[in-house]
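Shown next, in structure tokens, is the structure this report addresses.
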Amino acid sequence: MHYIYSAIAILCLTTTAFAKGISLDAVYMDKNSSEYQKLFFARFNNYAQMGAQFIDSDIVYSAWRSGKEIVYIKESGINNTIVVCSIATRKKNPLYTFKGTVISARTSTNGRYIAVKYFTNQKIPHPALFIIDSTNGNVKPFQTSSAGTDFSFSDDGNNFYYKKNNCIVAYRCDSSLEKAFLCSSDAPQWDEICTIIFNSNQLFVSGSSGNYSVYIKQKLWNKIGNAVTPMEIFSDSFAIYYTGGYPGNYTVNRYSVKTQKHETLLQQSLNPCLQVSHNHAIFLKNAFIMMYDSINGKLFTTTVESDEAIISPNGFYVASTIYNRLFIIPYATVVTINPKAGRYLATLQELYRDVVNKKYLHTSPYTRTYIQQKQTAIASLLTLF
């Protein structure tokens with residue numbers, strides 16, 4: 001678990017105070033207590049009742065390679081292994097192992113390339129960056145000086161963009177040719193961390209320390225808002241999605257490309273973990289999965305908890321990481337309100353009621369606030385039954 005604690009500690013100082021894919025109970029409660037363990041096992045029992053397919057443990061990153069395969073990074077001590085797993089057969093194919101602490105990662109839209117930024121395992125750690133071709137295991141390292149997420153892929157997945165000195169450079173993955181794509185003299189803003197994001201629209205992101213300006217390329221660069229992290233900025237054919245706000249009150253925002261209007265899809269979330277796939281934005285309200293259907297313009301909630309969730313490209317599955325364990329759940333199961341979920345929610349409510357008044361279990365001055373927000377979310381969901 002050195003990824004969550006050491007990497008986030010460094011990132012809070014150098015890039016952003018925002019953390020993805022982390023169990024909030026582990027932050028705010030004594031993990032050695034029986035109360036924590038009861039919540040832990042209650043969640044896994046709920047996943048078992050849903051028929052969730054267990055993939056692997058000690059996960060620090062996961063993404064869909066296709067509708068049939070998922071790629072993830074498994075941590076074991078100082079070693080990190082990139083693995084491709086078939087959903088149908090559960091066959092795992094380890095691609096590459098490297099030493100260090102993962103900072104962030106991205107997978108190309110075609111599923112072929114995975115980019116990873118990490119801190120090296122040296123006396124004085126420094127950031128390193130590489131991409132790997134998942135079809136043959138070839139690894140290409142790149143020069144980097146920042147610990148931020150200043151890299152991305154093109155829409156077709158064949159170009160890799162990364163910050164190099166005062167330019168964002170485009171590297172052609174199939175030919176190894178590279179050229180300057182956007183330099184500071186032509187950019188609307190230039191900070192420690194800059195990146196280009198391609199998801200139906202061309203976006204430029206620049207900033208540091210949890211405050212990133214987001215621009216869309218139209219005739220000129222047009223600023224649309226401020227985001228917390230470059231890792232949670234996406235677009236589809238209709239809109240731009242990004243995470244904003246501040247600790248304890250993160251928001252998920254949507255900017256319509258057509259109308260140029262903003263709307264807030266989520267408020268007062270502790271860790272929204274925004275993802276966009278298959279015309280759906282998927283995010284967390286105090287660990288409960290919520291979705292926004294961009295085609296029909298509908299927002300709906302679920303009774304399924306997660307630390308990070310991603311919809312498969314074909315829309316059939318949801319990959320959910322909880323307590324650093326990766327599961328695959330049918331999409332239909334996630335969005336269906338199962339009567340058994342009511343009993344599960346009632347159990348959670350009782351367990352949190354037990355914890356809120358036991359101050360010796362609290363590991364943060366904000367523990368009580370966290371639990372109260374969690375109880376409010378559960379009480380709202382219980383009204384569905």
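Just checking, does segment 193-203 include any residue being of a type in the set (Phe, Trp, Tyr), in contact with a strand residue (DSSP E or B) (Cβ under 9 Å, 6 or more places away or on another chain) and in a strand (DSSP E or B)?
yes
Wholly within segment 119-165, which strands (runs of 3 or more DSSP E) include no fewer than the required count, namely at least 3 residues that are under 19 Å from residue 100 (Cα atoms) and in contact (Cβ under 8 Å) with a residue 24 or more places away in the chain?
Answer list for segment 119-165: 127-133, 139-142.
Pull up segment 27-43, narrow it to residues that are within 24 Å of the chain's Cα centre (by Cα) and without any contact (Cβ under 8 Å) to a residue 12 or more places away in the chain, then point me to the one that is nearest to residue 360 (Cα to Cα).
31
Going by the structure shown, is residue 309 within 25 Å of residue 367 (Cβ to Cβ) and under 14 Å from the mean Cα position of the chain (by Cα)? Before you say what the answer is, go through the steps one by one.
Values: within 25 Å of residue 367 (Cβ to Cβ): yes; under 14 Å from the mean Cα position of the chain (by Cα): yes.
In short, yes.
Among the residues of segment 175-218 satisfying the criterion of being among the charged types (D, E, K, R) and over 28 Å from residue 279 (Cα atoms), which is surrounded by the fewest Cβ atoms within 10 Å (Cβ to Cβ)?
Among those that are among the charged types (D, E, K, R) and over 28 Å from residue 279 (Cα atoms), it is 179.
For residue 140, are the conditions met, namely being basic (Lys, Arg) and either crowded, with 17+ Cβ neighbours inside 10 Å or within 21 Å of residue 233 (Cα to Cα) (or both)? Steps first, please.
Working: basic (Lys, Arg): yes; either crowded, with 17+ Cβ neighbours inside 10 Å or within 21 Å of residue 233 (Cα to Cα) (or both): no.
Criteria not met by residue 140.
Take residues that are surrounded by fewer than 21 Cβ atoms within 10 Å (Cβ to Cβ) and basic (Lys, Arg) and tell me which of the helices (runs of 4 or more DSSP H) falling wholly in segment 298-385 contain 1 or more. It would help to see each step written out before you state the result.
On the way: elements: 331-335, 339-356, 367-382.
It comes to 339-356, 367-382.
Confirm whether residue 230 is modelled with pLDDT of 90 or more and surrounded by 16 or more Cβ atoms within 10 Å (Cβ to Cβ).
yes
Test of understanding: among 253, 279, which residue is polar (S, T, N, Q) and in contact with an Asp or Glu (Cβ under 7 Å, 6 or more places away or on another chain)? Walk me through how you get there before you give the answer.
Values: 253 fails: in contact with an Asp or Glu (Cβ under 7 Å, 6 or more places away or on another chain).
The unique qualifying residue is 279.
Quick one: is residue 309 closer than 22 Å to residue 264 by Cβ and in contact with a strand residue (DSSP E or B) (Cβ under 7 Å, 6 or more places away or on another chain)?
yes
The values are calculated or read from the model by the stated rules, or taken from the named source; none is laboratory data. Quick caveat: nothing in here was measured; it's all calculated off a predicted structure. FYI the Cβ positions are ideal-geometry reconstructions off the backbone, even for glycines, and counts take in every protein chain you see.
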